[in-house]
Each structure stands twice: as structure tokens, then as C-alpha cells.
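Q: Here's a structure for you.
The values are calculated or read from the model by the stated rules, or taken from the named source; none is laboratory data. Since this is a predicted model, take the numbers as computed values, not measurements. When we count neighbours, we look across all protein chains shown, and the Cβ atoms used for this are built from the backbone with ideal geometry, even at glycine. Heads up: the accessible areas ignore ligands, DNA and RNA and are worked out on the full protein's heavy atoms, side chains in. Shrake-Rupley method; radii C 1.70, N 1.55, O 1.52, S 1.80 Å.
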Amino acid sequence: MIFTLYLCPPQIISVKILIKNIKTIVQANPATTTKVSGTEMAILPCINNGWITTEDDKIAGIGEMKEGLPAESHFDHIINAEGQFAFPCWCDSHTHIVYAGSREGEFVDRIKGLSYEEIAKRGGGILNSAEKLNKASEDELFESARKRLHEMAMNGTGAVEIKSGYGLSFDGEIKMLKVIQRLKHHTDMTIKATFLGAHAVPLKYKQNRQEYVDLLINEMLPFIGYEKLADYCDVFCDKGFFTPDETDSILKAAAKYGLLPKIHANELDFSGGIQVGVKNNALSVDHLEYTGDEEIKVLMNSSTMPTLLPSTAFFLGLKYPPARKMIDAGLPVALASDYNPGSSPSGKMAFVLSLACVKMKMLPEEAINAATINSAYAMGLSNSHGNIKVGSRANLFLTHPISHYNYLPYSFGSDLIHTVIIGGKLYRHQN
């Protein structure tokens, strides 16, 4: 039997859940840790043979079975998790799940040898998605994105950042941000919204880039700030997209409206994106395939979270970010899916962890920390998400019986999730 709670408007219902006989509670961190860096990333606090209680949308209690259980009569649901591992839900801090239509044609083009940049120059890539999105209605975008959210929830993701960036026009970008706001009100998942109008330069502005930058700064940002449609502002600062100077001017304008910076940086080349992100106190800089000693030094002296998206490198055939070098230098790193139609059409975070271990030589402990506590930091949620402690949001999942937490990234492609609880409600439970 599979119990599924489909995404619907959250309701105020008092629900108490007891999970007992848990083989191991992963990321059971009672401290006020907001992120882990360097050698700390290899440390994963766990409780063996434990129990967890939730009440409403919070974790109410956590302990060891040998210390005794709370009275079972007090709970609406009791789950016997013998042999199972409990994880905090993944925090996916970089996605583009509001879009219209897929791009499998470009997938074939890449198989035939065209590069990401070559496809973009022909009007493909982001511009392809922008054309489709501007033809789609808000309701169509909402319904398709809601299905993707549900898919992500069933795979253990409990918090997600969603970017605009496929509108590339005033009306298109605002439409996307309104869809994201609707999604916030129709799910128990935690959602952060990011304005990414500077995702690419539209074709009509190719001969006058500054005109589009002015549109972003003088028209889109004031409206978004006034209507409170976004939490963050992102810019694609990379070869063939936006320059560091353009990025700097957009982020400074966004700051006037309380939008914190996040940046696509150094995916295609050494673009200066990391430096301009740190200069503007970006919450995160994301992608980072091209990261050298200078970039690591800049990040070491900052509060910016380096966020790696290995499924993008996998899908596009790019070099992988130097995660091992970054961690060994003392940096923290986060992991995210980059779920989007062109370069990472999947939001399955367990596979992201597998890629991090296999392709970037991250230890399983480092990958789990990167996809929970550090990715929560990259969303501004580290006080309430990404760990299992009293008072945190009741976002957690149980695996099927497994031997060790290492088995989760090891067994890539397997469905190892048995139960998902988001906001204290059962989203998936198998008997």
C-alpha cells in the first residue's frame, strides 16, 4: 500500500507522528550549526536505534530507544522504522522548474556534437524555453510545475528554490514569479523565489544589451520589489551571457529592494562571476565548473556558499567542479539539482549525491551535508531545515531497510525511499 498526499492548499490540522525503532537518525545535530566547511564536512552526527516525534509542522522530540518512548496513545500515526534510516529532507537550492515544454531535440543535437553555446547561438537553449514560456498561460505553467514539485517531494526533497528566467520580458518574468507565489500557497514544501531576468539577453536586444539591462533595473526590479514577488536576484554571469560589470549593476539595483544576490557563475569559463558574487555578498554562487586558486581564495574570505550542480555537468558533458580541491582548502560546498528542461531535466537529489561521490570524489558524509545543512544555508533556511533536531521543520524521509547511509549514494538509480514527511504530513508511506 502506498499512501500519497498530493500537493494541495496547506490546511491547519494538528497531526502528531511517532517514528520508532529507527536504525539510524542521520544529521541529528542539536547544535546551532548553520553550515559545515572543510574537514567538518566529513563529520555526520547520527543517533543509532532512535525515535522521532513530530507535532504539527515541527520536530517535537528525538531520542534513543533505550531511554524509553513517549506514550504511543498520544499520536495520530505510529511508524515502525525497524532497519530504516531517517534523513532530513533534501534542500534543493537551485532549480528552474517553472517552464513550458521540454527540449529533447537539443539533447539529440548535443549527441550529434553541438555544444551548449552553439545551440544557444542558434536560438536554442534558454531562448527556446523563453519562446515557449511566453506562449503558455499562467495556469498551464502552474499545473506543470506542481507536478514536478510533487515528483520532487516523493523523492525526498522538502525545500526548493525556484528561479524565473524563461520569460526574458517584463510580462513573462512577472508571470513566472506569480506562478511561484501560487505554488507557495499550494504545498507544504518550503519554496524560495528567485528573479533571474538576467538569464540571457533576448534576441531583440542583441544589438543593444544595455537596453535590456536598463529594463531589468528600471522596470522589472522596482515592480518585483514593490509586489514582493521574489526573495533573491540571480544573474547568469558567464561567457556569452552577462559580464561582471552588468552583473554588478543588476545586483546593486536588486539590493535596493531587499533582494539578496545569488549567481550562476563559472559554468562555461573563468568569468569573474565568483568574484562579483562575493563582492556583493551573494548568499550562493552556483555551478563553478571553472574554479581555481584565485576563486577559492576569494570564497575563503566570504560568507557565500559555493553550490555545485553535478547533474548539469553530467548531462552536458562538461568538466565537473573541483569539489575535492575546494573542500580540502577549507570551503563549504552545497549540492543542488539545477532541475530544468535544457541542462538537467531531473530533480532526483539522490542521483546528485551519487554523482558528487563518483565524479567529484566527495565522501558520502560530505555529500549528505552538502545536500542538507549546507544547501539549507544556500536558501537562507539553516535555522529550520537540513537537520533533525527539536524545533526544526518536520521535513524528513525514511529509507527502506539498508545497511548504511553510504548505500544511498552507492545504489544510484534505486528507489530507496519508504516514507516522506513534509511539514509534519505524510506525503508517502509504504506498508
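Q: What helices (runs of 4 or more DSSP H) lie completely within the range 271-323 and have 1 or more residues being open to solvent by less than 30 Å² (accessible area, probe 1.4 Å), of a type in the set (Phe, Trp, Tyr) and over 19 Å from MET349 (Cβ atoms)?
A: Hits in the range 271-323: none.
Q: For the range 192-207, indicate whether the set of residues that are buried (at least 24 other Cβ atoms within 10 Å of the Cβ), at pLDDT 95 or above, closer than 30 Å to ASP139 by Cβ and aromatic (Phe, Trp, Tyr) is non-empty.
A: Among the residues of the range 192-207, at least one is buried (at least 24 other Cβ atoms within 10 Å of the Cβ), at pLDDT 95 or above, closer than 30 Å to ASP139 by Cβ and aromatic (Phe, Trp, Tyr), which makes the answer yes.
Q: Does any residue of the range 325-339 turn out to be open to solvent by 10 Å² or more (accessible area, probe 1.4 Å), free of Cβ contacts under 8 Å to residues at least 60 places away in the same chain and not polar (S, T, N, Q)?
A: The answer is yes, given that some residue of the range 325-339 is open to solvent by 10 Å² or more (accessible area, probe 1.4 Å), free of Cβ contacts under 8 Å to residues at least 60 places away in the same chain and not polar (S, T, N, Q).
Q: Next question, about the same structure. Take the residues in the range 379-399 that are in contact with an Asp or Glu (Cβ under 8 Å, 6 or more places away or on another chain) and part of a loop (DSSP other than H, G, I, E, B), then tell me which one is most open to solvent (accessible area, probe 1.4 Å).
A: Among residues in the range 379-399 that are in contact with an Asp or Glu (Cβ under 8 Å, 6 or more places away or on another chain) and part of a loop (DSSP other than H, G, I, E, B), the one most open to solvent (accessible area, probe 1.4 Å) is GLY380.
Q: Give just the number: which of (1) modelled with pLDDT under 95; (2) closer than 23 Å to ARG148 by Cα does SER382 not satisfy?
A: Among (1) modelled with pLDDT under 95; (2) closer than 23 Å to ARG148 by Cα, SER382 violates only (2).
Q: Within the range 184-218, which residues are under 19 Å from the mean Cα position of the chain (by Cα), part of a loop (DSSP other than H, G, I, E, B) and aliphatic (A, V, I, L, M)?
A: MET189
Q: Out of the range 249-269, which residues are in a helix (DSSP H, G or I) and either of a type in the set (Gly, Ala, Ser) or open to solvent by 30 Å² or more (accessible area, probe 1.4 Å) (or both)?
A: SER249, LYS252, ALA253, ALA254, ALA255
Q: Okay, next question. Within the range 98-132, restricting attention to residues that are part of a loop (DSSP other than H, G, I, E, B), out of contact with any Pro (no Cβ under 9 Å at 6 or more places or on another chain) and under 20 Å from PHE195 (Cβ atoms), which residue is modelled with the lowest pLDDT?
A: Filtering first and then ranking leaves GLY125.
Q: From ILE47, ILE78, grab the single residue that is farther than 28 Å from SER346 by Cβ and either in contact (Cβ under 8 Å) with a residue 60 or more places away in the chain or loosely packed, with under 15 Cβ neighbours inside 10 Å (or both).
A: ILE78
Q: With the requirement that a residue be charged (D, E, K, R) and either at positive phi or part of a strand (DSSP E or B) (or both), what does the range 400-431 give you?
A: Once the filter is applied, which keeps residues that are charged (D, E, K, R) and either at positive phi or part of a strand (DSSP E or B) (or both), the range 400-431 yields LYS425, ARG428.
Q: Follow-up. Any idea which residue in the range 79-97 is nearest to GLY156 (Cα to Cα), counting only those that are part of a strand (DSSP E or B) and of a type in the set (Gly, Ala, Ser)?
A: Looking at the filtered set, the residue picked out is ALA86.
Q: For the range 220-248, what are the residues that are out of contact with any helix residue (DSSP H, G or I) (no Cβ under 6 Å at 6 or more places or on another chain) and surrounded by fewer than 18 Cβ atoms within 10 Å (Cβ to Cβ)?
A: Across the range 220-248, the qualifying residues are PRO222, PHE223, TYR226, GLU227, LYS228, LYS239, ASP245.
Q: Please specify each residue of the range 340-356 satisfying the condition of being buried (at least 20 other Cβ atoms within 10 Å of the Cβ) and assigned to a helix (DSSP H, G or I).
A: MET349, ALA350, VAL352, LEU353, SER354, LEU355, ALA356
Q: Counting only residues that are hydroxyl-bearing (Ser, Thr, Tyr) and closer than 19 Å to ARG428 by Cβ, how many does the range 139-197 have?
A: Qualifying residue count for the region: 3.
Q: Can you work out which of the residues in the range 360-378 that are buried (at least 23 other Cβ atoms within 10 Å of the Cβ) and over 17 Å from the mean Cα position of the chain (by Cα) is nearest to ILE22 (Cα to Cα)?
A: Once the filter is applied, the top-ranked residue is MET362.
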